[in-house]
Amino acid sequence: MDIRSQIAMVFHLDKCIGCHTCSIACKNIWTDRKGAEYMWWNNVETKPGTGYPTKWEDQEIYKGGWEKNGDTVSLKGAGKFKGLKNIFHNPHLPVLDDYYEPWTYKYQDLFTAPEGNDQPTARPVSLVTGEHVDVQSGPNWDDDLGGSPDYARQDVNLDKLTAAEQEAMFQLERMTFFYLPRICNHCLNPACVASCPSGAIYKRGEDGIVLINQQRCRAWRMCVTACPYKKTYYNWHTGKSEKCVLCYPRLESGQAPACFHSCVGRIRYLGPLLYDADKIEQAAAAPEDQLVDAQMDIYLDPFDPEIIRQAKENGIADSTIEAAQRSPVWKFVKEWKLALPLHPEFRTLPNLFYVPALLPTMAKVNDGVYDSTGKSLWNGVESNRLPMRYLASLFSAGNTEKIVAVMKRLMAVRTHRRSVTVGDTSREEAAAALEEAGIDADTADAIFRLTSLATFDERFVIPAAHREESIEMLESTADVKGSTGFGFKERPQRGL
Amino acid sequence: MTNYLLFVALPYASLFIFLIGSIYRYRNRGFSVSSYSSQFLEGRRLFWGSQPFHWGLFVLFFGHLIAFLFPKSVLAWNGEPVRLLILEITAFAFGLSAFVGVLLLVQRRLTNRRIQIVTSKMDVVVFIILLVQIISGLLVAYHNRWGSSWFAAFVTPYLRSIFVFDPQMDAIASVDSLSLKIHVVSAFTLIAFIPFTRFMHFLVYPLDYTWRSYQQVIWNWNRKRIRTSRSHSEGRKSTNN
Ligand code: HEM
Ligand code: SF4
Ligand code: SF4
């Protein structure tokens, strides 16, 4: 057993209000630079929808992620042979138009336009060429199902549904959507790291954050192809790839990453998980329907004395172990089994878990009559607005049982809390729902508390080690006396 | 005198600039070492330019290298006229492929608006050198038959004399071929420009990718030992930052 610690995350999709505050917080800190304007290290998609870059989930197009190859896995569109063969031209690279051409407006024209009969306008200009552009699309063009026939119906996950199911999803009475905020998953089996020919991408041993060394990146641009989530981006100006850094300078000083800190819906949770690095390969190569379980097996119980002993032996600090015990991610993912990885079939073992959107129905449409007089307040989870198979395609590699189990638990918590606070669902009904979901009332209350009332410190459990050793992470303190302690001493300018 | 400047002074000057410049740029200006891929801005035309260009150069580079390192084997191979012809035609085909590639790349740089934005002054130098180099190379191959044989007789001794610090330029200066002289001079010019242009990118060819393990995990400190200071006692620092 090789125990390591990983900063992991949970996004509770029922709580996301789609405000994009997270994206803006990230943009303001990290990607408001030339060449990075088009990058959204954090982006929020509407589902069903095609996402950003367009149809990123379709690996027939982009060849991202891993493929099962006997007892192990191999990269789908990169790797030693394919990568070096395609180094002069990468056939699977998404190009600017797959994202969108970033633009701004000529605001000055509003002031300098000569007097005339018309209102002056600020025309859009490309941030790449500086010339006027006809804006065709943007990173969230299909927000809130805008332009659904063109976007939502192209959603790759709909392929798993029957034609009738698809039609039902787009009936006006049933039409629904939810938001899917995405950042880099800081995977346990990162395809980006494996695909990088120059070895510039690496996973930090201490906390599992995946970073690109800007000094060593040579623009071989294989990581952009390899990441199935399209969370490495190529900076066309500096000639270097960039990705989400999980705000590691903030984490090291004990602060939550900017997108987490600013999240309006408070949907985001962050904390360490202990895991067994020896099991990574085996879990990544698990059969498709067992992928979620295999991944869950990797994470270790931070309360188990034997695990604690071995973790200490492996150099994990007491403060990190203590943080792993308080980690909200441990609770959501392992204890309550409410959160699932996004597209586990890409086999990168992502460390960002999602509590799927519940979207229950309270009525049925019968012959055009809206009928809300059912026996209980909510209909069962099978008649939720989103087909279970759709959610399974997103969060469990097609295993609907996993989704139904999560839904039942979420529903049971609601029924239980409704009976406690409002009282219009009976105690018996709540007890039956809890029984069926396999949780007790105390657990339901704990889930309710962490979901709805959690404070900042409960949502973000950042190991104290990072605060104390922020310089030590990079340098030996004796060597950097009198200097800033940061390694990057050259201006990040495009070379020749 | 001119011959001396071109075939003795220039080679040494450019090799010197190349060595010092590349080491300096690699070590102190690591951020600027990149292939500056522009595929993200334009991919389709790049394919038709970059692939024939690079594969052409790839083969030609090793062709030159083999003729330089093992002239006797090349001569032996060429003893049979059919084999000589096969070698010459293959080499010429890859030369043409590089030529067509570079033309398409130049055309792409000139006509695509997005690519113009990422074209630096040094890129202009790069393409001028490459055009001169490839065109002169093709002319030599076409007019001065059969290059694969006389390369071993004239060029290899000259190049070797440069590298053993005993420059003998007579052989090369006496060859009555302007294109060959241009080809040699522009080759050394190219070498001198490596540290100042995107030519840097082929020095950092990721050969170690072929043997390194796929995943890379880097600990900033030795997690089982107290960290030690570089200046006070030994202990390895991560090389990745
Ligand atoms: C085996 C070593 C080499 C590798 C791996 C390599 C790789 C690359 C890559 C990845 C690009 C960027 C293509 C893009 O825009 O996406 C590039 C561009 C370029 N390479 Fe190489 N290259 C190699 C050797 C060479 C050599 C020997 C030369 C010339 C002496 C050369 C000259 C160029 C030029 C001029 C460009 C710019 C093309 C353009 O965008 O117009 N390369 N190379
Ligand atoms: S999400 Fe993509 S970029 Fe992030 S670690 Fe995983 S493979 Fe790498
Ligand atoms: S800030 Fe929070 S609630 Fe708003 S879009 Fe982002 S994740 Fe959703």
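The values are calculated or read from the model by the stated rules, or taken from the named source; none is laboratory data. For clarity, every value in this text was computed on a predicted model and none was experimentally measured. Here the Cβ positions follow ideal geometry from the backbone for every residue, glycine too, while neighbour counts run over all protein chains shown. All accessible areas refer to the heavy atoms of the entire protein, side chains included, with ligands and DNA or RNA removed. Shrake-Rupley method; radii C 1.70, N 1.55, O 1.52, S 1.80 Å.
What trypsin sites (Lys or Arg not before Pro) in segment B:48-131 are in a loop by DSSP, with at most 11 other Cβ atoms within 10 Å of the Cβ?
none
So what's the back-of-envelope 222 nm ellipticity for chain A, counting only DSSP H runs of four-plus at -39500 (n - 2.57) apiece and dividing by all residues, rounded to 500?
Using -39500 (n - 2.57) per qualifying helix, the result is -7000 deg cm²/dmol.
Roughly how many percent of the accessible protein surface of segment A:109-205 is carbon and sulfur, given a 1.4 Å probe and a whole-percent answer?
Result for segment A:109-205: 49 percent of the exposed heavy-atom area is carbon or sulfur.
Report, in whole Å, the centroid distance computed from the Cα atoms of segment B:133-179 and segment A:153-177.
70
Out of the total accessible area of segment A:265-459 (probe 1.4 Å, heavy atoms of protein only), what percent is carbon and sulfur?
Carbon-and-sulfur percentage of accessible area, whole number: 49.
Hey, what's the Kirkwood Rh for segment A:153-222 if you take every pair of different alpha carbons, in angstrom?
After inverting the pairwise mean of 1/r, the radius is 15.7 Å.
Taking every pair of distinct Cα atoms and averaging 1/r, then inverting, what Kirkwood hydrodynamic radius in Å comes out for chain B?
20.7
To the nearest 0.05, what FRET efficiency results for B:Trp150 and B:Leu5 with a Förster distance of 35 Å applied to their C-beta separation?
Computed FRET efficiency for B:Trp150 and B:Leu5 comes out at 0.90.
Could you give the spread of the C-alpha atoms of segment A:70-229 along their three principal axes, from largest to smallest, in whole angstroms?
71, 50, 34
Please report, in whole Å, how far the alpha carbons of the protein assembly as shown spread along each principal axis, starting with the longest.
Extents along the principal axes, in whole Å: 105, 74, 62.
What translational D, rounded to a whole number of µm²/s, comes out for segment A:32-88 from Stokes-Einstein when the hydrodynamic radius is the Kirkwood one over Cα pairs, at 4 °C and 1.567 mPa s?
For these conditions, the coefficient is 92 µm²/s.
Starting from the Cα gyration tensor of segment A:210-273, take the square roots of the eigenvalues, sort them a ≥ b ≥ c, and report rounded, prolate or oblate (rounded when a/c is under 1.5, otherwise prolate if a/b is larger than b/c, else oblate).
prolate
Place a label point 7 angstrom from the Cα of A:Glu490 along the Cα-to-Cβ direction, then list the residues of segment A:198-220 whose backbone nitrogen is under 18 Å away.
From segment A:198-220, the list is A:198-201, A:212-220.
In straight Cα distance, which lysines are under 21 Å from A:Lys47, not counting same-chain residues fewer than 8 positions off?
Once the sequence-local lysines are set aside, what remains near A:Lys47 is A:Lys15, A:Lys55, A:Lys160, A:Lys230, A:Lys231, A:Lys402.
Could you give the alpha-carbon Rg of segment B:132-214 over 2.2 N^0.38 Å, rounded to two decimals?
Taking N as the residue count of segment B:132-214, the ratio is 1.38.
Would you give the gap between the C-alpha center of segment A:345-399 and the C-alpha center of segment A:59-111, rounded to a whole Å?
Their Cα centres are 32 Å away from one another.
For segment B:9-66 and segment B:188-218, what is the centre-to-centre distance using only Cα atoms, to the nearest Å?
Each part's Cα centre sits 8 Å from the other's.
So how long is each side of segment B:22-144 along the principal axes, counting just the alpha-carbon atoms, biggest first, in Å?
Principal extents (Cα only, largest first): 51, 35, 22 Å.
Work out the FRET efficiency for A:Lys337 and A:Tyr105 from their Cβ-Cβ distance, taking R0 = 45 Å, and round it to the nearest 0.05.
Efficiency for this residue pair is about 0.40.
Taking a probe of 1.4 Å, how large is the accessible area per residue of the protein assembly as shown, in Å²?
About 46 Å² of surface per residue is accessible.
For segment A:347-406, state which trypsin sites (Lys or Arg not before Pro) are in a DSSP loop and have at most 12 other beta carbons lying within 10 Å of their beta carbon.
Sites meeting the loop and neighbour criteria: A:Lys375.
Tell me, what are the semi-axes, in whole angstrom and largest first, of the equivalent ellipsoid of segment A:265-459 as set by the roots of 5 times the Cα gyration tensor eigenvalues?
34, 21, 13
On a full-extension model of 0.36 nm per residue, what is the gain between B:Val217 and B:Phe68, subtracting their alpha-carbon distance, rounded to one decimal in nm?
49.5 nm
As a test of the formula, what do you get for chain B when each DSSP H run with n ≥ 4 contributes -39,500 (n - 2.57) and the sum is divided by the residue count, at 222 nm and rounded to the nearest 500 deg cm²/dmol?
Only helices count here, giving -19500 deg cm²/dmol.
Just need the relative contact order of chain B here, percent rounded to a whole number, with Cα pairs under 8 Å and 6+ apart.
Relative contact order comes out at 30 percent.
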